[in-house]
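I'd like to ask some things about the structure below.
Derivation of every value follows stated rules applied to the coordinates shown; laboratory data play no part. Everything quoted here is computed from the prediction, not taken from an experiment. Positions of Cβ are backbone-derived with ideal geometry, glycine not excepted, and every protein chain shown enters the neighbour counts.
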Amino acid sequence: YYLIGEAVVHCELKGEEAVWSAKPAICARILCPPPPKIENGKHTFSDVEVFHYLEAVTYSCDPAPGPEEYSLVGERTLYCASHQKWSSDAPECKVVRCPFPVVANGKQISGFGKTFSYKATVMFECNKGFYLNGSDTIICGGNSTWEPSIPTCPKGPKPTHPTKPPVSNYPGYPNPREGLFDLDDLDAWVIALIVVTARKERLELNTPLTSISQPLQQSPQTEQ
């Protein structure tokens with residue numbers, strides 16, 4: 001069902017009378033007209049005049065008059081999705097033929113055939129000493145073109161993507177080398193800090209106990 005009318009109504013005061021802001025909505029059954037008819041094809045339940053919510057039809061193509069067969073391009077099954085609206089556009093029945101795929105300095109490794117119709121899939125690889133530029137897999141699309149386009153095999157090793165420069169190279173970002181010390185001297189600073197800390201701990205451990213407790217003893221003058 002679908003809603004006809006306002007989804008929300010308010011109680012309003014007009015003069016001394018309380019009234020609703022709109023008439024109450026109603027819920028009507030979702031119905032669809034027959035789906036579109038297509039050239040060189042048909043759909044199931046062609047004699048039905050009204051379709052209810054989620055009722056579906058399936059399209060198929062007629063036999064072609066010549067040697068080239070029709071391909072169903074688009075969604076094969078449509079269903080009544082909302083009021084007077086089908087789930088997608090109707091498909092087409094047409095001859096689809098993609099050109100023979102040829103890759104210089106490469107070869108086809110799957111999808112062999114003399115002709116290539118709708119959704120035919122082909123895979124390639126390059127000869128030794130050449131690299132693949134593009135997708136290794138292409139599919140014959142509904143417009144008789146390969147999707148994506150046929151790859152190429154340029155000579156040489158495949159180039160690597162350049163690495164991004166460090167953030168500090170961009171304007172506005174702080175440079176870590178402008179801090180307290182140079183990053184190249186970090187190891188020397190760490191070693192020096194460890195040595196100083198170790199010497200300090202050693203001196204504290206070798207200090208006599210009397211010298212540590214001496215400040216805690218009260219003087220004779222205080223006791224008097």
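Considering each residue of the stretch 18-49, count those that are farther than 17 Å from T77 by Cβ, part of a loop (DSSP other than H, G, I, E, B) and without any contact (Cβ under 8 Å) to a residue 24 or more places away in the chain, and give that number.
Step one: filter the stretch 18-49 for residues farther than 17 Å from T77 by Cβ, giving 18-31, 33, 39-40, 47, 49.
Then drop every residue that is not part of a loop (DSSP other than H, G, I, E, B), which leaves 21-25, 29-30, 33, 39-40, 47, 49.
Retained after the next criterion (residues that are without any contact (Cβ under 8 Å) to a residue 24 or more places away in the chain): 21-25, 47, 49.
Of the residues in that region, 7 qualify.
Those residues that are crowded, with 16+ Cβ neighbours inside 10 Å, of a type outside the set (S, T, Y) and more than 27 Å from the chain's Cα centre (by Cα), I need them from the stretch 115-149; list them, please.
Scanning the stretch 115-149 gives F116, C126, F130.
Looking at the stretch 50-61, which of the residues that are over 32 Å from the mean Cα position of the chain (by Cα) and part of a strand (DSSP E or B) is surrounded by the most Cβ atoms within 10 Å (Cβ to Cβ)?
So in the stretch 50-61, the residues over 32 Å from the mean Cα position of the chain (by Cα) come out as 50-52, 60-61.
When the remaining residues are screened for being part of a strand (DSSP E or B), the result is 51-52, 60-61.
On the way: F51: 21, H52: 11, S60: 14, C61: 19.
Looking at residues that are over 32 Å from the mean Cα position of the chain (by Cα) and part of a strand (DSSP E or B), I get F51.
Do you know which residues across the stretch 88-129 are under 23 Å from P157 (Cα atoms), in a loop (DSSP other than H, G, I, E, B) and among the aliphatic types (A, V, I, L, M)?
Start the filter on the stretch 88-129 by keeping residues that are under 23 Å from P157 (Cα atoms), which leaves 102-109, 123-129.
Next cut, in a loop (DSSP other than H, G, I, E, B) only: 102-105, 127-129.
Hits for the stretch 88-129 are V102, V103, A104.
Shifting gears a bit: Say whether the condition of being crowded, with 19+ Cβ neighbours inside 10 Å, assigned to a strand (DSSP E or B) and touching a Lys or Arg at 6+ places or on another chain (Cβ under 8 Å) is met by at least one residue in the stretch 67-75. Explain how you work it out, then say what you get.
To start, the set of residues in the stretch 67-75 that are crowded, with 19+ Cβ neighbours inside 10 Å comprises 70-72.
Pick out the ones that are also assigned to a strand (DSSP E or B) and you get 71-72.
Next cut, touching a Lys or Arg at 6+ places or on another chain (Cβ under 8 Å) only: 71.
Taking every residue of the stretch 67-75 in turn, at least one turns out to be crowded, with 19+ Cβ neighbours inside 10 Å, assigned to a strand (DSSP E or B) and touching a Lys or Arg at 6+ places or on another chain (Cβ under 8 Å).
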